[in-house]
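Throughout, read-outs are computed from the coordinates displayed, never taken from laboratory work. The shown structure was predicted, so the numbers you read here are calculated from the model rather than taken from an experiment. Counting neighbours? That spans all protein chains shown, and the Cβs are built from the backbone with ideal geometry, glycine included.
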């Protein structure tokens, strides 16, 4: 993977430089990506004296007349927190526990619910529950609004404060008040905190010749895990005809990991680039010639829970014509955050740039539009008898192939042995498309798999 970096300007104030370490974040909710020394800052602009006077007067009024005494250190930390939260939903002040949580989110374990959240109109909104977590097992769904925690209303609560309330000692219970679309009354869901170990990559065989690869979020070693998974898939299925890459409900994570995942599927070209406040390219990533995927036909599943780094992968594969993007429009988080450490256990997380797909598309507040729109749903196979066949008729002729007839009772026993199967509709449609591509290639008699499945309306590169 080739990387080209352009020096950012004006990101870190001069007074922060001795201890500043800039970490690029590419997630819906924050995880460090690339550490780099902060660039020299521009000369600071003069402060607006009238606004500074208003701030000092407000600070003095709180110190002297607030109903309870409060120290200056706490007031100034509140001021920093409010200043950052007013910029956008992803900039934040990280102090003590919040700073530790940021480090845990990247690689470690923590006691919690396994739920990724964002802020919407003063409420805490569920983006996605993490795979095999207490939240997923309890039935928490993307789009749910968390309105109470243990009976405490969350209206206008800072998102970091809400996350801190949901984390805690393993084995302790917590009750979430949930507002869900279609439900007339709030739901009360009791969960038990557990160790959250995010397995970011898993895979399995869908049927002979077709495999499934799931990335739940992008961690430090996700790129390596994808390479290992591809090796295992190829070893188990040497005649692999198609692969489903599932990025649904993936909230993002580490930028570098998303680049490595794209690089596993494309041979050349730009993967992603970022632009800062001056409109200049700051970072640019390119693919290497190796193709661990061996050009296997690819369908990528996304939905409204696919955010940030997941959208980088989907957008890059779409622009390269490497796979068919299927599902529903993604979340639309197209900004990059930098973590600037102020002290040993305090930092600010600040939006410093926007990222763009290889063809220059920004997905900020728009998302990735799938090539094939498939809504989420369930496919249910019926198991009852649907009619009679020749073998049910009295006196029917033998088949002439020395095979025993299957009488009606025998067939009924077979059907009764099956259970009703409720299946992921989007996944079934992805598999159906891959089967069709395989049949098409076989009909063409090319003898080799399709190396690229162009998105609808996109020219073959």
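If each residue of separation counts as 0.36 nm, what is the full-extension length gain between residue 60 and residue 121 once their alpha-carbon separation is subtracted? Don't skip to the answer; put the middle values down first.
On the way: separation 61, 0.36 × 61 = 21.96 nm, distance 3.06 nm.
Separation in residues times 0.36 nm, less the Cα-Cα distance, equals 18.9 nm.
Working out 0.36 nm times the residue gap between residue 49 and residue 228, then minus their Cα-Cα distance, what length gain in nm do you get to one decimal?
Working: separation 179, 0.36 × 179 = 64.44 nm, distance 5.81 nm.
Result: 58.6 nm gained on full extension.
Could you tell me, in Å, what Rg and Dmax come out for the Cα atoms of the range 109-196?
Cα-based Rg and Dmax for the range 109-196 come out at 11.7, 36 Å.
Place a point 7 Å from Cα of residue 375 in the direction of its Cβ. Which residues in the range 293-319 have their backbone N less than 19 Å from it?
302-306
Starting from the Cα of residue 343, step 7 Å along the direction of its Cβ; do the same at residue 161; then give the gap between the two resulting points in nm.
The answer from the label model is 2.0 nm.
What full-extension length gain, to one decimal in nm, is calculated for residue 364 and residue 67 as 0.36 nm per residue of separation minus the Cα-Cα distance?
102.7 nm
What relative contact order, as a whole-number percentage, does the range 170-298 give when Cα pairs under 8 Å and 6 or more residues apart are counted? Please list the in-between numbers first.
Values: 214 pairs, mean separation 24.3, N = 129.
Answer for the range 170-298 is 19 percent.
Percent relative contact order of the range 109-196, based on C-alpha pairs within less than 8 angstrom and at least six residues apart?
Details: 195 pairs, mean separation 29.8, N = 88.
Relative contact order, the range 109-196: 34 percent.
Which number do you get for Rg(Cα) / (2.2 N^0.38 Å) in the range 238-340? It would help to have the intermediate numbers written out before the result.
Values: Rg = 14.0 Å, N = 103, 2.2 N^0.38 = 12.8 Å.
Cα-based Rg divided by the globular estimate yields 1.09.
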